Amino acid sequence: MEQRLEYLHPGILVNRAGKWEGSDHLFNLTENIAIYITIIKPESVGLNITSAELQKEVEEIFASVQIKAKTLIEADKPPLPAFEIEIFIYPIDKQGFVAFCEGRLFESVILHRFQMDPNMAFQAITWEKQILLITPTIELKNKITNSVRDIANVFAERYRKSTVKEKEQISQ
């Protein structure tokens, strides 16, 4: 029997009454998550904000929900989870910009389709949020900063809710 997948986002699928439903649960996620900010733009485009400034914004938001901006490396394990915000900026008509901001959580996953060597790991995106902007030049810095904050806040709130649910389940 053929089924149509309704949830086409990173996350967990659950079969409920014969229907596959999805969610982006962050249960059991470590509090140690490395943060990476990548800005991709033409060399000719000057930008009055840096990856380091945006990273500091994300670190502060994550700290508010007790996420530490580092990955604890275990022997023979990849340095995951990692949270990346990637920003693509492209000028349009010398009047403004199109920008695409994407926040993604990468984690190590196990695929059953092949046996991996012990020195290998498969990383996958397990959470994602995207924002597309069209903005005049004068608003570019503020729009990008606000988009990065929005992505970090949505992730932090989802993490906080998952942590609260975990604690409630443990106390029951």
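Values quoted throughout were computed directly from the atomic coordinates according to the rules given, and no laboratory measurement underlies them. Note that the structure is predicted; figures quoted are calculated from it, not measured. Here the Cβ positions follow ideal geometry from the backbone for every residue, glycine too, while neighbour counts run over all protein chains shown.
Give me P(r) over the chain, computed from all C-alpha to C-alpha distances, binned every 5 Å, as integer percentages.
Percent of Cα pairs in each bin: 1, 7, 14, 17, 16, 15, 13, 9, 5, 2, 1, 0.
Could you tell me how many degrees, from 0 to 90 and to the nearest 10, lie between the Cα long axis of helix 140-171 and the main elongation axis, the longest principal axis, of the Cα atoms of the chain?
20 degrees
Please give me the summed charge of the neighbours of Glu128: other residues whose Cβ is under 11 Å from its Cβ, Lys and Arg +1, Asp and Glu -1. Provide the component values of the computation, followed by the final result.
Values: positive: Arg104, Lys129; negative: Asp24, Glu84, Glu86, Glu102.
Result for the neighbourhood of Glu128: -2.
What are the GluC sites (Glu not before Pro) within region 24-60 that DSSP puts in a loop, where the Cβ has at most 16 other Cβ atoms within 10 Å?
Of the GluC sites (Glu not before Pro), the ones in loops of region 24-60 whose Cβ has at most 16 other Cβ atoms within 10 Å are Glu31, Glu43.
May I ask you to list the trypsin sites (Lys or Arg not before Pro) in region 1-77 that are in a DSSP loop and have at most 14 other Cβ atoms within 10 Å of their Cβ? All intermediate terms of the calculation are to be shown ahead of the outcome.
On the way: sites: Arg4, Arg16, Lys19, Lys56, Lys68, Lys70; in loops: Arg4, Lys70.
Those satisfying the criteria are Arg4, Lys70.
Please report the net charge: other residues with Cβ closer than 10 Å to the Cβ of Ala152, K and R +1, D and E -1.
So the environment of Ala152 carries a net charge of -3.
Angle, helix 51-63 long axis vs. longest principal axis of the chain, Cα atoms, 0 to 90°, nearest 10?
Orientation of helix 51-63: about 40 degrees from the principal axis.
What lysines does Lys77 reach when the alpha-carbon gap must be under 22 Å and sequence neighbours fewer than 8 apart in one chain are set aside?
Lys68
Taking every DSSP beta bridge that has both residues in the chain, what percent is antiparallel when rounded to the nearest 5?
Restricted to the chain, the bridges split so that about 80 percent are antiparallel.
Can you give the relative contact order of the chain as a percent, counting alpha carbon pairs under 8 Å and 6+ residues apart?
23 percent
In a shell of Cβ-Cβ distance under 11 Å around Arg104, excluding Arg104 itself, what net charge do Lys and Arg (+1) and Asp and Glu (-1) give?
Neighbourhood net charge equals -4.
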